[in-house]
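Novice: Supplied in structure tokens, the structure appears directly below.
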Amino acid sequence: MDSPINEIKERLDVVDVISGYIKTEKTGANYRALCPFHSEKKPSLFISPTRQIWKCFGCGASGDMFGFVEQIEGVEFGDALRILAKRAGVELRKQNPKIETARKRFYEICEWAVKFFEKQLYNGQIGKKAKDYLLKRGITEKSIKEWRIGFAPETWDSLLNFLKTKGFSVGEIERAGLILTNDKGKIYDRFRGRIIFPIFDLNSQTIGFGGRAFTQYREKGKEVTAKYLNIPNTLLYNKSKVLYGLNRAKVPIRKEDACVLVEGYTDVIMSHQAGVENVVATSGTALTNDQLVILKRYSENLITAFDMDIAGDSATKRGIDLAQAQGFDIKVVHLSEGKDPADVAFSKAEDWKTAVKEAKSIIDFYFENAFSMFDSQKAEGKRKISQTLLPVIKRIQNKIEQSSWIKELAMKLEVSEESVEQELQKYSSVKKVQSESKEPITSQPIVSESPRTRRKVIEEKIISLILNYPEGLKLIKSDYLNLFSSGTREVIKIFQDNPNSLSKDFKDLGLSEEQQEFLNFLALKGGVEIEESDEDINIKDEILICFQELGQFAIKEKLRELSRKIKQAQRDGLKEKTESLSEEFNKLIEKLAKINN
């Protein structure tokens, strides 16, 4: 093998890789599926096991197995390479041995810690009580195992001593965020007497932990334990970049084209149990720009189930404002006062599903709350309502939508639209909110086809048909060959010299990678058109019809050229030349008429 990429491609099959994420079905020589990158009811994503590629003929997304993993996981190529290398059992060359070794050690520490906490939940005396508590809260035995929930015993150094027996140094364990050192130099476990929720990366590897207090510690009669506690940022874990549950929710988010944002671990778990799986939590932080970058790879639609304080300056509101400024379409789930998603999902799953389905737009939510909080009939109330709503309206990027809400506010306040617009100008532009972000928000790119001429389309169709019907190559005589553009003509000549290559890959033909990729997609496209056609296609006749149309293009181009020459000859007063050119023009017109008939 000349590279890990080729070795991975030799060991894995693109159909198996894609089938690990979405349901596929065989259709002729290919496979098809509902595209996870846009909403659709009829499958338009096709996979070629022969060519080891895939393409959606609905949204244009395409690529090989690496490209699919990049898009559906929302990762860069390097991460896709690591994901598939692990699956294929291919060892990648270490780029920086020190960093790679440290990361590997951190992953191992986290994995052993998970196993330790899991064992305590099932075998520890207090751990069993914690498990009973979880079951009473509605978290099932299955969910406890799937989400790998555990328990940290009340002892000071149980985890520390356990990890030391596994060969980890105190320094490593401390850098992994699992132990602390007090002012007197005493080392102790960070998590004690807590229910532990492991935090996973996109590949479901443990990178951090969150703990919910179960037993209460007291010091001189005062509670000193916070209800929730997370590890600090480490080499693996950064709370501003992590979304709890995304490893399980990424495919459902793609499928639903929406992400439901909740606040707690149990909210996520209970929602998944209730059948709403496109749910993630912000891992104990307000919504950050880094999290928005990640979410936008999967969907630009957010459904929030936060406790929203529309009049305040809470961190939650600032996060939502940032999302709105970045162009997300935001909706708000309405829950009964005092209820959280976990409560609703536990008491009645259908109520949670309905609440998510009937979420109202963020602007509707703001309007409804502002007008319920202040008296719109009084001048002071009008002022407070406008102060609440105008910044929200200002952040709407679509000017038509923004104008609509200006009109709505003016009507509800019983004032002129001009006065609302004047007040709106006093608020800073959306750019101020965007400037808080250190890097731009970009959506995952979807491959799109560049505009092509009709002639180019016909040429591509001929190639796609020949790649699925090699006998068609014999139909291209020298006269027909001259009808093609120079680039296509070169490819056909290569095929004529190497006819056996039509049913294989194109690596040995001296073509560029871009040309090889393009031909592979044409082969898939032709195969799909033949398989999906409602009528039996006579490929030979189809190719001949395309030749006929190319002949028409050639005649029309010649007619345009003759027309230009005739006009020039007339301007120069060259009567004989004009007549000769006109005669040639008329003959071509007759020839074109015969072709059309």
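Novice: Fully extended, how many nm does the chain gain between A102 and K456 (0.36 nm per residue separation, minus their Cα-Cα distance)?
Specialist: Details: separation 354, 0.36 × 354 = 127.44 nm, distance 5.31 nm.
Net length gain for the segment: 122.1 nm.
Novice: How many Å² of accessible area per residue for the chain, probe 1.4 Å? Present the calculation step by step, with values, prior to reporting the outcome.
Specialist: Values: 31820 Å² over 597 residues.
Averaged over the residues of the chain, the accessible area is 53 Å².
Novice: For labels at S563 and S372 in the simple 7 Å Cα→Cβ model, what's the distance in nm?
Specialist: 6.7
Novice: Still on this structure: Once amide H atoms are built 1.01 Å from N in the peptide plane, which residues 5 or more positions from K331, or in another chain, come under 5 Å H to H?
Specialist: Here L302, I303, T304, I362 satisfy the definition.
Novice: Between I199 and residues 5 or more places away or on another chain, which pairs have amide H atoms under 5 Å apart, with H built 1.01 Å from N, and which residues are they?
Specialist: Residues meeting the criterion, in which the H sits 1.01 Å from N, are I207, G208, F209, G210.
Novice: Follow-up question, since we're still on this one. Rounded to a whole number, what % of the accessible area of region 457-575 do carbon and sulfur atoms account for, probe 1.4 Å?
Specialist: Numbers: 3100 of 6900 Å².
On region 457-575, the fraction of accessible area on carbon and sulfur atoms equals 45 percent.
Novice: Going by a 4.7 Å Cβ-Cβ cut-off, which cysteines of the chain have no partner at all?
Specialist: Cys with no partner Cβ under 4.7 Å: C59, C110, C259, C546.
Novice: So what are the ³J(HN,Hα) numbers for region 288-299, from phi and the Karplus equation (6.51, -1.76, 1.60; θ = phi - 60°), rounded to whole Hz, Gly and Pro as x?
Specialist: Each residue of region 288-299 in turn: 10, 5, 4, 5, 5, 4, 5, 5, 5, 5, 9, 6 Hz.
Novice: Using a simple spin-label model with points 7 Å from Cα along the Cα→Cβ vector, what separation in nm is obtained for E10 and S582?
Specialist: Placing both labels 7 Å beyond Cα along the Cβ direction yields 7.1 nm.
Novice: Still on this model: Could you please report the charge total around F585, scoring K, R as +1 and D, E as -1 over all other residues with beta-carbon less than 14 angstrom from its beta-carbon?
Specialist: Details: positive: K556, K558, R560, R564, K565, K567, K577, K587, K591; negative: E557, E561, E579, E583, E584, E590.
Net charge in that neighbourhood comes out at +3.
Novice: With the full set of protein chains in place, find how many percent of the accessible area of region 1-149 is carbon and sulfur; take the probe as 1.4 Å.
Specialist: Numbers: 3860 of 7840 Å².
Heavy-atom surface of region 1-149 belonging to carbon and sulfur, 1.4 Å probe: 49 percent.
Novice: If you don't mind, another one. With every protein chain kept in the model, how would you rank H38, H272 by accessible area, 1.4 Å probe, largest at the top?
Specialist: Working: H38 55, H272 25 Å².
Order by accessible area, largest first: H38, H272.
Novice: Tell me, what ³J(HN,Hα) does each residue in region 228-238 have, in order and in whole Hz, if you take phi through Karplus 6.51 cos²θ - 1.76 cosθ + 1.60 with θ = phi - 60° and put x for Gly and Pro?
Specialist: Couplings: 10, 9, 10, 6, x, 5, 10, 4, 9, 10, 9 Hz.
Novice: Taking a point 7 angstrom from the Cα of I555 along the C-beta vector, which residues in region 561-597 have backbone N less than 19 Å away?
Specialist: The answer is 561-564, 581-597.
Novice: Which pairs break 26 Å Cα to Cα here: K26/K145; K317/K384; K164/K184; K115/K227; K317/K399; K142/K331?
Specialist: Numbers: K26/K145 34 Å; K317/K384 17 Å; K164/K184 21 Å; K115/K227 23 Å; K317/K399 23 Å; K142/K331 31 Å.
Check vs 26 Å cut-off fails for K26/K145; K142/K331.
Novice: Now, a different point. Please give the FRET efficiency for K166 paired with D541, using the beta carbon to beta carbon distance and R0 = 60 Å, rounded to the nearest 0.05.
Specialist: Details: r = 71 Å, r/R0 = 1.18.
For R0 = 60 Å, the calculated efficiency reads 0.25.
Novice: Suppose accessible area is computed on protein heavy atoms with a 1.4 Å probe; arrange T155, T453, T24 from highest to lowest.
Specialist: Numbers: T155 65, T453 90, T24 35 Å².
Ranked from most to least accessible, the order is T453, T155, T24.
Novice: Okay, next question. On the full set of protein chains, 1.4 Å probe, figure out the accessible area of F191 and give it in Å² to the nearest 10.
Specialist: Only protein atoms counted, so the area is about 10 Å².
Novice: Additional query: Among [x] 1.40; [y] 0.97; [z] 1.10, find the value of Rg/Rh (Cα atoms, Kirkwood Rh) that was calculated from the structure presented, and write down its label.
Specialist: Evaluating Rg/Rh (Cα atoms, Kirkwood Rh) on these atoms matches [z].
Novice: Are there any GluC sites (Glu not before Pro) in region 57-96 that are in a DSSP loop and have at most 14 other Cβ atoms within 10 Å? List them by number.
Specialist: Working: sites: E70, E73, E76, E91; in loops: E76, E91.
Here the GluC sites (Glu not before Pro) that fit, given the DSSP loop and packing criteria, are E76, E91.
Novice: How big is the accessible area of M270 in square angstrom, nearest 10, if you roll a 1.4 angstrom probe over the protein chains?
Specialist: Answer for M270: close to 10 Å² accessible.
Novice: Here's something else I'd like to know. What is the set of long-range amide H partners of D157 at a cut-off below 5 Å, with H atoms built 1.01 Å from backbone N?
Specialist: The list, which skips near neighbours in sequence, is D189.
Novice: Rounded to the nearest 0.05, what FRET efficiency do S347 and Y122 have when you use their Cβ-Cβ distance and R0 = 30 Å? Walk me through the numbers on the way to the answer.
Specialist: On the way: r = 27 Å, r/R0 = 0.91.
In this case the efficiency is close to 0.65.
Novice: Could you pull out the trypsin sites (Lys or Arg not before Pro) across region 21-89 that fall in loop regions by DSSP (anything but H, G, I, E, B) with no more than 14 other Cβ atoms inside 10 Å? Working shown, then result.
Specialist: Numbers: sites: K23, K26, R32, K41, R51, K55, R82, K86, R87; in loops: K23, K41, R51.
Answer in residue order: K23, K41.
Novice: Using the Cα centre as the reference, give the magnitude of the dipole from point charges on the C-beta atoms of the chain (Lys, Arg: +1; Asp, Glu: -1; all else neutral), rounded to the nearest 20 debye. Working shown, then result.
Specialist: Values: 95 positive and 89 negative charges, 308 e Å.
With Lys and Arg at +1 and Asp and Glu at -1, about 1480 debye.
Novice: With a 1.4 Å probe and every protein chain left in place, tell me how much accessible area V491 has, in Å² to the nearest 10.
Specialist: We get 20 Å² for V491.
Novice: Residue by residue through region 65-80, what is 3J(HN,Hα) from phi via Karplus (6.51 cos²θ - 1.76 cosθ + 1.60, θ = phi - 60°)? Round to whole Hz and write x for glycine and proline.
Specialist: Working through the residues one at a time gives 5, 5, x, 5, 5, 4, 6, 6, 8, x, 10, 7, 4, x, 5, 4 Hz.
The values are calculated or read from the model by the stated rules, or taken from the named source; none is laboratory data. In this text, all values refer to a predicted model and were calculated from it rather than measured experimentally. Please note: Cβ atoms are built from the backbone with ideal geometry, for glycine as well, and neighbour counts cover all protein chains shown. Ligands, DNA and RNA are excluded from the accessible area calculation, which covers all protein heavy atoms including side chains. Shrake-Rupley method; radii C 1.70, N 1.55, O 1.52, S 1.80 Å.
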